[in-house]
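Engineer: Please find one structure pasted underneath; my questions will follow.
Read-outs: derived from the displayed coordinates by stated rules, not from any lab. These figures come from a predicted structure and were not determined experimentally. Methodologically, a virtual Cβ is constructed for each residue, glycine included, from the backbone with ideal geometry; neighbour enumeration extends over all protein chains shown.
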Amino acid sequence: MILEILTPERKIFSGDVFGVQLPGISGLFEVLDKHAPMVSALKAGKLKILKDKTSTSSYNIQSGFVEVLNNKTTVLVEGAEAL
């Protein structure tokens, strides 16, 4: 699955990943390979990138949206910083 994390200023991350955990408005959720198409609002919190089954990286994000379409996940947020 392709993941892109974008802010108004720059692209934070772009690459092939196993999955991503996101802080949704109603709680934490996870998007994995071949997920069904969806759009969801995000609240400020921790986004965790699952690079493969054993390695991860995390970002603190501000509010925004996520779109999942054609095995590509695009995260649009006001700001993000690596942890």
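Engineer: Output the residues belonging to segment 59-83 that are assigned to a strand (DSSP E or B) and within 12 Å of P23 (Cα to Cα). Break it down into steps so the answer makes sense when it comes.
Structural biologist: Step one: of segment 59-83, the residues assigned to a strand (DSSP E or B) are 59-61, 64-69, 72-77, 80-82.
Of everything in segment 59-83, those that are assigned to a strand (DSSP E or B) and within 12 Å of P23 (Cα to Cα) turn out to be Y59, N60, I61, G64, F65, V66, V75, V77.
Engineer: Tally time: how many residues in segment 61-79 are within 11 Å of the chain's Cα centre (by Cα) and either surrounded by 14 or more Cβ atoms within 10 Å (Cβ to Cβ) or acidic (D, E) (or both)?
Structural biologist: Keep residues of segment 61-79 that are within 11 Å of the chain's Cα centre (by Cα), which gives 61, 64-68, 72-77.
Among the residues that remain, those that are also either surrounded by 14 or more Cβ atoms within 10 Å (Cβ to Cβ) or acidic (D, E) (or both) are: 61, 64, 66-68, 73-77.
Qualifying residue count for the region: 10.
Engineer: For a quick check of your reading of the model, give me the residue pairs whose first member lies in segment 19-31 and is in a strand (DSSP E or B), whose second is polar (S, T, N, Q) and surrounded by 14 or more Cβ atoms within 10 Å (Cβ to Cβ), with beta-carbon atoms closer than 7 Å and at least 6 apart or on different chains.
Structural biologist: V20/T73; G24/S40; L28/Q21; E30/Q21; V31/T73
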